[in-house]
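*Asks:* Please read through the structure below; I'll follow up with questions.
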Amino acid sequence: APEPYTEWVRGLPATPRLARRDLYAHEPRALTATERAYIDANYDGQLRAADAAFGALIDDLKRRGRYDDALIIMTSDHGTLLGEHGHLGHVGRMLYEPLLNIPLIVKFPGPTHLRGRVDTPVQNLDIFPTALAAAGVPVPAKTQGELLPTVRHPTLAEDDVNAFLVWRYGTIYDRALRVLVDPPYKLIATSRGERLLFDLVADPGERDNLVERDPTRVEAMTRRLSGVLPFGSAATATGDGP
């Protein structure tokens, strides 16, 4: 984390040693409690730095008299695994919830804008039509996504094969991923034929794969997923995230 947001990591006795190590790995591995504490402390510092920067932006908009009429959207392009399931980072990782469950805070323009929390699942692709509508611009007919906060489309995610990762780090990355969330259930499918089914309410950590115990649901969700997001439906990815 950047200064001055290092107070948490500075307080850890293992910091001098771990700061000289590269904890990143391409094969899943169990991290020690000391390593996890160091990673979490660094990440918390990064979050505090981002919060300070966002707060400075809000303060400046208010100072300039631009806040009330502004559409402000705070989100992320992806999450990060901080040791869950033995993974660090995001590139080419299995699409567990820490990668997909990201912040989305929207401040609509005007003094009477909506307030409160909406628990309906939405996605980043809903931001584009929402921003157009807020600006008074017609939304193109074939636009993916729907207007926030009223979203009814299924929750999907995908990550295609990244040729660079396969070339550089091996066949562990040589598979595409597709996800369908039908609350409370989440299906992860890979182009290798692997299936993972989780109940996100009973098992938020995605530890208990229900594939063998609920084959009917797996088959039904696989058919739905294949119908809307089949493998081979997107070009080979060159980016760095889902």
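*Asks:* Which Cα, out of PRO149, PRO204, ALA176, lies furthest along the positive dipole direction of the chain (beta carbon charges, K/R +1, D/E -1)?
*Replies:* PRO149
*Asks:* Tell me, what is the per residue accessible area of the chain in Å², probe radius 1.4 Å?
*Replies:* With all protein chains present, the chain gives 60 Å² per residue.
*Asks:* What is the magnitude of the charge dipole of the range 1-127 about its Cα centre, with +1 placed on the Cβ of each Lys and Arg, -1 on the Cβ of each Asp and Glu, and no other charges, expressed in debye to the nearest 20?
*Replies:* Dipole size: approximately 240 debye.
*Asks:* Using the 2.2 N^0.38 Å rule of thumb for compact globular proteins, work out how the range 115-154 stacks up: its C-alpha Rg over that value, please.
*Replies:* 1.14
*Asks:* Before anything else, pin down the relative contact order of the range 14-147: Cα pairs under 8 Å, at least 6 apart, normalised by residue count, whole percent.
*Replies:* Here the relative contact order equals 21 percent.
*Asks:* Sticking with this one: Mind listing the Cα extents of the chain along all three principal axes, in Å, largest one first?
*Replies:* Principal-axis extents of the Cα atoms in the chain, largest first: 55, 52, 37 Å.
*Asks:* Using the Cα centre as the reference, give the magnitude of the dipole from point charges on the C-beta atoms of the chain (Lys, Arg: +1; Asp, Glu: -1; all else neutral), rounded to the nearest 20 debye.
*Replies:* Using only the charged Cβ atoms, the result is roughly 240 debye.
*Asks:* Here's another thing I want to ask about it. Gain in length, ILE127 to ALA49, computed as 0.36 nm per residue apart minus the alpha-carbon separation, to one decimal in nm?
*Replies:* Length gained between ILE127 and ALA49: 25.7 nm.
*Asks:* Carbon and sulfur atoms: what percent of the 1.4 Å accessible area of the chain do they account for?
*Replies:* C and S atoms contribute 54 percent here.
*Asks:* For the chain, what is the relative contact order in percent, using Cα pairs closer than 8 Å and at least 6 residues apart in sequence?
*Replies:* With pairs under 8 Å counted, the relative contact order is 15 percent.
*Asks:* In addition: Can you give me the relative contact order of the range 55-115 as a percent, contacts being Cα pairs under 8 Å and 6 or more apart?
*Replies:* Answer for the range 55-115 is 39 percent.
*Asks:* Pull out the extension gain between ALA19 and VAL201, defined as 0.36 nm times the separation in residues minus the alpha carbon to alpha carbon distance; nm, one decimal.
*Replies:* Gain in length upon complete extension: 61.9 nm.
*Asks:* Looking at the range 1-74, which chymotrypsin sites (Phe, Trp or Tyr not before Pro) are DSSP coil and have at most 11 other C-beta atoms within 10 Å of their C-beta?
*Replies:* Qualifying residues, ordered by number: TYR24.
*Asks:* Using a simple charge model, +1 on the beta-carbon of Lys and Arg, -1 on the beta-carbon of Asp and Glu, nothing else, what dipole does the range 97-220 show about its Cα centre, in debye to the nearest 20?
*Replies:* Here the size comes out at about 420 debye.
*Asks:* Give me the three principal axis extents of the range 1-128 from the C-alpha atoms, as integers in angstrom, largest value leading.
*Replies:* 51, 33, 21 Å, listed from the longest principal axis down.
*Asks:* Applying 1/(1 + (r/R0)^6) with R0 = 25 Å to the Cβ-Cβ distance of GLN144 and SER191, what FRET efficiency is obtained, to the nearest 0.05?
*Replies:* 0.70
The values are calculated or read from the model by the stated rules, or taken from the named source; none is laboratory data. Quick caveat, the model's predicted, so the values are computed rather than measured. Don't worry about glycine lacking a Cβ; one is built from the backbone with ideal geometry, like all the others, and counts go over all protein chains shown. Quick note on the areas: whole protein, heavy atoms, side chains included, nothing else; ligands and nucleic acids left out. Shrake-Rupley method; radii C 1.70, N 1.55, O 1.52, S 1.80 Å.
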